[in-house]
Each structure stands twice: as structure tokens, then as C-alpha cells.
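The values are calculated or read from the model by the stated rules, or taken from the named source; none is laboratory data. Predicted model only: the values in this text are computed from it and were never measured. No Cβ is skipped: glycine too gets one built from the backbone with ideal geometry, and neighbour counts run over all protein chains shown.
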Amino acid sequence: MKRTISFMTGKGSVNHNSRKFHAKNTDPERSCLNVEYCNENAKDVYHELFDEALARYNAKQARSDRRIDDYYEKICSGKQEKPFHEIILQIGDKDNMGAKTENGQLAAKVLDKYMQDFQRRNPTLKVFSAYLHMDEATPHLHIDFVPYITGSKRGLDTRVSLKQALSALGFKGGTRRETELNQWVAYEKEQLAAVMMEHGIEWEKKGIHEKHLSVLDFEKKERAKEVAKLEQSISDGKERLSDIQIQQRKAEQETEQIRQEGAAIQQEVSELSETSNLLKEQAATLAEDKEKLLSDNEKLEKQQKKLQQEIEKMAQSKAVMERNIHAYDEDEKWQLPEPGALMSAKAYKDKKAMPLVEKLKEAIKALTIKCVQLAEQEKKQKARIIRQEQQISRLTNKVMEQSSTIERLQEKAVDLGRLERYFGREQVQSIVEQSKALERVEKANKRPKRAFEISR
């Protein structure tokens, strides 16, 4: 009979291979027919293969950042090498080598025989997990291995390398299609075909098709699928990134708006705080000024009353003078006496008329002086009253202005109270203190440096 050979690379799902969980394509009732050749933990294999080389490598490193703590984790996080590789081998397909058929049992014997000699042929491929599965449609073999080399001049002297491990087995590579891996795969197929021939199965070499791809073409197909998925993921990622960027821009705008509002509030709080402090100082000063103005006003009013009283007295004096003037017309002593029968005109003039005239002149002179004095006093008192009235008017206006200022300051104080109720007194006080600190810094920066500070 003729049968094809499938030689593929797997994902290396050790838990699936060991049947720690069952996929939909498995028959748990037949899992007992599976063959376990080995099942070691990959990390333990790494310790076995590389710990001594890792210790030698770290001992040579002068810089701590170049030392390697965990070689397995380093390989897993790197891009140059995979931590391990898996190959899957199958003879025929489910139609001609079904697991429940006699041909399936024959295929299992061939794969088992092939597996028995695998590690001997490939000493640089450390097999840590290998299973023959009989609980799926077609018997197949999973082999997981760590490729490694010794005597390396770069990095660890014993390190992971598929290319170098295959090269050590004699597969040197050549053209792009004739890589070390392709040469090794072709060789292993020949080994499997030899075992098949021992059991009466001839290797049927077919062209490239879906069921039996060469390793290289299979990898190309898988990579194409991965690329398609990756491109779709990139497209989805771009859309998500675009949405995220839009949301980020909105968040940045909102943040900037909040920052600006916060800055405005901070500025307003600072201004209100300063205004409040100024209000307290000015309120005390205004209260003192108001009391002083009221006191001065009261004094001026008293002075005005006093001046009014003096004017009234002057008016009374004028009335008295007027009465005295009228008295000159009626009082006998200011009347010329009748001349005697024997008195001459000259004697009358000298003895009677002239003395009376002189007396009248003196009285008129005194009255004139008194009248002038009273007129001057009245003029001065009226001017003084006008000045006092003007001063009272100025003081009254100043009191009104200060009252208006007090009202504005009180409104600022009410606004500050609103802010304290909304944001909390502690937060408002914190903002004020921050603002004051910034102002002090700005003031210090604007302050010209002294000569000794510049020289330092």
C-alpha cells in the first residue's frame, strides 16, 4: 500500500498533548490508548541544560544589568529564538488510516518505531514531551524539543539555537529553500519512510495540496494566516486607537477646561482673600475715620451754632446802636438849648452850640468805629460759616464714599464665604497659600540680584 507523510510544525500545547484538557476533536473514551514517551517541564529542562553555562556567563559580567536571572524567561521574552519547537507526524489520513481501523493500528506501530530512535538521531534536540495520539481521527505523533548547542563563542557557551543545533547534526543549509530546517525535515521524512517500508507501506509522494503540504509551504500558509489575522488585528487596533485618541483629546480638552476654570477660581479666591484682608484693614480704618469725621462734624456744628449766636449778638448790638441813634433825637442832652435874652450869637456858639457839636462828633466817631467793627466781624463770621459748611459737605461726601466702599467690601466678603462653603475653607485657604507662595517666588525672581550674588 502507498501512504502519504504529513510532517508539520505545531503550536506546542503541552497541556493539550498530555490531555490535561480535551478538545472537541478528541474521544476521551479512547484517550487511554495514547502513548506517553516523556513529559518533562520545559523550565526544568532549561535548568538541566543551561544552569551551569548561565553561572559561567554571569560570573564574567562586570555590569549587573548584563547578568541573566532566568534564561527561560529571557528566551520567552526575546524574538530571536523560540523556547522550544514541536513537530507533528502522520501517515495517510482519516479515510485510509483511521485510528479505529487495522491500518490505523499499523500506522501507530510505524510512528512508535520511528519515535524510539528519534532522540539518538538528534542529540542536539532535547525531547522533553512526546505523545502518540490514538483518540483522534488519525494516529499522529507530537514531539516537543529544545534545540541547543555547546561551545558557543557568543552569549552562553551552551545556548538555545535551532539553526546551530541542526547544523551540528550535519545540515548546513544552502539556498533559500534549502535551509537547515528543510534539509532536516526531508531527512526525517526519509527515516519515517524507511520504517514504513519495513511494515509494507510505500511513501506516496504527492504534489502540494491542502492535506499534505511540505514544511516550508505549510509554514508559508500558516504565516499568511497569521499575517491576515495580524492585519485585521492592526485594523481593529487602529480603529480602537482612533477612538482612544478621540477620547483622549476630549479628556485633554476637558482637563484643560477644568484647569483653566481651576486657575480662574484660584485667581478669584486669591483676589477675594486679598480683598478680604484689605477689607478688614480698611474697615477698621474707615470705622476710625468715620468716628473722627462724625466728631469733627459735631464740632463744626457746635462752632456754627456759636457763630450764629455771635451774629445774633451783633444784630442785637446793631439794634441797640439804632436805638441809641434814635435816642439822640429825643434825649435832651443832645438838644441845643434856647439862647438867653441877653446872650450874643458868638457866646451862644462858643458856649452852647460848639460843645454840643464836639460831643456829637465824638459820639458819631465811636458809633462809626463800632459799626465798622461789627460789619467786619459779620463778614468774617459769614466767611467762616461758608468754609465750615463746605467742610461739612466734604466730610459728609467722604462718609458716604466710605460707606459705599464698606458695602462693596462686604459683598466681596460674602463672595469669599460662598467659595468657602462650596470648596471648603481648608481647600480655599490652601489655594490662597499656594497663590501667595507663587507670588513670593515671582517677586523674588523679579527682584534685582545684589552685586555679591551676581559675583558668586
State whether one or more residues within segment 69-83 are at pLDDT below 90, closer than 30 Å to residue 202 by Cβ and loosely packed, with under 15 Cβ neighbours inside 10 Å.
no
Can you say whether residue 6 is modelled with pLDDT of 90 or more, more than 26 Å from residue 148 (Cβ to Cβ), of a type in the set (Gly, Ala, Ser) and not in a helix (DSSP H, G or I), as far as the supplied structure shows?
yes
Residues that are among the hydrophobic types (A, V, I, L, M, F, W, C) and touching a Pro at 6+ places or on another chain (Cβ under 7 Å), drawn from segment 133-165:
160, 162, 165
Taking segment 373-397 and the residues there that are among the polar types (S, T, N, Q) and under 60 Å from the mean Cα position of the chain (by Cα), the one that is farthest from residue 313 (Cα to Cα) would be 397
Is it true that residue 407 is of a type outside the set (Gly, Ala, Ser) and more than 30 Å from residue 271 (Cβ to Cβ)?
no
Quick one: would you say residue 13 is under 24 Å from residue 100 (Cα atoms) and surrounded by 13 or more Cβ atoms within 10 Å (Cβ to Cβ)?
no
Cβ pairs under 6 Å, 6+ apart or interchain, first in segment 84-102 and closer than 24 Å to residue 166 by Cβ, second in a loop (DSSP other than H, G, I, E, B) and aliphatic (A, V, I, L, M), ordered by first then second residue, are 91/97
Of (1) out of contact with any helix residue (DSSP H, G or I) (no Cβ under 8 Å at 6 or more places or on another chain); (2) on the phi > 0 side of the Ramachandran plot, residue 17 satisfies every one except (2)
Given the options 153, 189, name the one that is more than 21 Å from residue 99 (Cβ to Cβ) and modelled with pLDDT under 95.
153
Tell me whether segment 110-126 contains one or more residues that are of a type in the set (Ser, Thr, Tyr), surrounded by 15 or more Cβ atoms within 10 Å (Cβ to Cβ), farther than 28 Å from residue 20 by Cβ and in the same structural domain as residue 202 (by TED's automatic domain parsing).
yes
Which of (1) more than 24 Å from residue 301 (Cα to Cα); (2) at pLDDT 80 or above is the odd one out, the single condition residue 383 does not satisfy?
(1)
Checked 2, 11, 20 against criteria (of a type in the set (Lys, Arg) and without any contact (Cβ under 8 Å) to a residue 40 or more places away in the chain); the one match is 20
Candidates 49, 132, filtered to the one that is touching an Asp or Glu at 6+ places or on another chain (Cβ under 9 Å) and either part of a strand (DSSP E or B) or at pLDDT 95 or above (or both):
132
Leading residue by the ranking (farthest from residue 145 (Cα to Cα)) among those in segment 16-32 that are within 52 Å of the chain's Cα centre (by Cα) and surrounded by 13 or more Cβ atoms within 10 Å (Cβ to Cβ)
19
May I ask you to list the residues in segment 60-78 that are over 14 Å from residue 155 (Cβ atoms) and either assigned to a helix (DSSP H, G or I) or among the hydrophobic types (A, V, I, L, M, F, W, C) (or both)?
62, 64, 65, 72, 73, 76, 77
Can we say residue 143 is under 17 Å from residue 17 (Cβ atoms), out of contact with any helix residue (DSSP H, G or I) (no Cβ under 9 Å at 6 or more places or on another chain) and not in a helix (DSSP H, G or I)?
no
Output the residue which, of all residues in segment 33-61 that are more than 21 Å from residue 126 (Cα to Cα) and in contact (Cβ under 8 Å) with a residue 12 or more places away in the chain, is farthest from the chain's Cα centre (by Cα).
33
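Residue-by-condition table, conditions (1) surrounded by fewer than 15 Cβ atoms within 10 Å (Cβ to Cβ); (2) within 59 Å of the chain's Cα centre (by Cα); (3) modelled with pLDDT of 75 or more; (4) not assigned by TED's automatic domain parsing to the domain that holds residue 372:
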position: 253; (1), (2), (3), (4): yes, yes, yes, yes
position: 260; (1), (2), (3), (4): yes, yes, yes, yes
position: 279; (1), (2), (3), (4): no, yes, no, no
position: 296; (1), (2), (3), (4): yes, no, no, no
position: 302; (1), (2), (3), (4): yes, no, yes, no
position: 313; (1), (2), (3), (4): yes, no, yes, no
position: 319; (1), (2), (3), (4): yes, no, no, no
position: 325; (1), (2), (3), (4): yes, no, no, no
Just the residues that are under 58 Å from the mean Cα position of the chain (by Cα), within 27 Å of residue 140 (Cα to Cα) and among the basic types (Lys, Arg), please, taken from segment 154-197.
163, 177
